[in-house]
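Okay, so here's the structure we're looking at.
The values are calculated or read from the model by the stated rules, or taken from the named source; none is laboratory data. All values derive from a computational prediction rather than experimental measurement. Heads up, the Cβs are rebuilt from the backbone with ideal geometry, glycines too, and the neighbour counts pull from every protein chain shown.
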Amino acid sequence: MPSPDERVLLDDAGIRRSLMRIAHEVIERTEHPERLYLVAIPNGGVPLARRLAANLRQIADLEIPVGVLDTTLYRDDLLTTGARPALRRTEMPSAVDDHVVILVDDVVKTGRTIRAAMDALMDFGRPLAVQVVGLADRGHRELPIKLDYVGKNVPTQPGEKVSLRPVDSGEGVSLRDASEESELRLVVLSGGAPGEEGGGE
């Protein structure tokens, strides 16, 4: 059950519906779907990419590789944040050459995380194309980043926090460790409530 300082934007069923719709859109728009490669931006993008891969397997019988790409050292605001950033594991099963890469993030705001992910991706080859999935698009862009697939447009104030969270997962269970079956919810945190802003901005 959400705490009083959380407003639920999407429950688990809504997230699943959004990702199934996106999976159908990906198949419709991709000329060579066998060349797809999903790359999750940690942490919130990881369970979403796993679900999206499962949906693509279900509707198109495709086994799509899923990678995890840490963008921390590629951010242009690395020196302005003050605190030493925590590095997260990058796990790329293969190079991205000749693939249509779809970056998967939970919350997109300024566009800086997506830009950093595009820079980091080039260390793993030269993709045919790069597209972006955002479960929640908050607007407030600072860079000209466009999402190709959007779960939900979320009108929020710049100072609010939007977070993808596991439901009743117990202490110490992170989004990165969440399985395809883990229940998730997307919430707005009010009143300065603690919580990690989704995978990026």
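Annotations for the structure displayed:
- Among residues of segment 30-41, those that are within 15 Å of T72 (Cα to Cα) and either surrounded by fewer than 24 Cβ atoms within 10 Å (Cβ to Cβ) or in contact with a Ser or Thr (Cβ under 7 Å, 6 or more places away or on another chain) (or both), counted: 1
- For segment 9-58, a residue qualifies if it is in contact with a helix residue (DSSP H, G or I) (Cβ under 6 Å, 6 or more places away or on another chain) and over 14 Å from G151 (Cβ atoms), and the qualifying residues are I27, P33, L38, A40, I41, P42, N43, V46, L56.
- Scanning segment 95-118 for residues that are outside any strand (DSSP E or B), farther than 25 Å from P158 by Cα and either in contact (Cβ under 8 Å) with a residue 40 or more places away in the chain or not aliphatic (A, V, I, L, M) (or both) yields a count of 4.
- Looking only at residues of segment 1-21 that are assigned to a strand (DSSP E or B) and modelled with pLDDT under 90, we find that the one that is surrounded by the fewest Cβ atoms within 10 Å (Cβ to Cβ) is R7.
- Residue count for segment 119-143 under the criterion of being touching a residue at least 60 places away in the same chain (Cβ under 8 Å) and not in a strand (DSSP E or B): the result is 3.
- First in segment 144-158 and farther than 20 Å from R115 by Cα, second anywhere and in a loop (DSSP other than H, G, I, E, B) and not β-branched (V, I, T), Cβ under 7 Å, 6 or more apart: V154/R138; T156/R138
- Per the listing T30, T110, the residue uniquely at pLDDT below 95 and either of a type in the set (V, I, T) or within 17 Å of S174 (Cβ to Cβ) (or both) is T110.
- Identity of the residue in segment 51-76, assigned to a loop (DSSP other than H, G, I, E, B) and more than 13 Å from the chain's Cα centre (by Cα), that ends up surrounded by the fewest Cβ atoms within 10 Å (Cβ to Cβ): D61
- Within segment 30-55, the set of residues being free of Cβ contacts under 8 Å to residues at least 40 places away in the same chain and of a type in the set (K, R) is empty.
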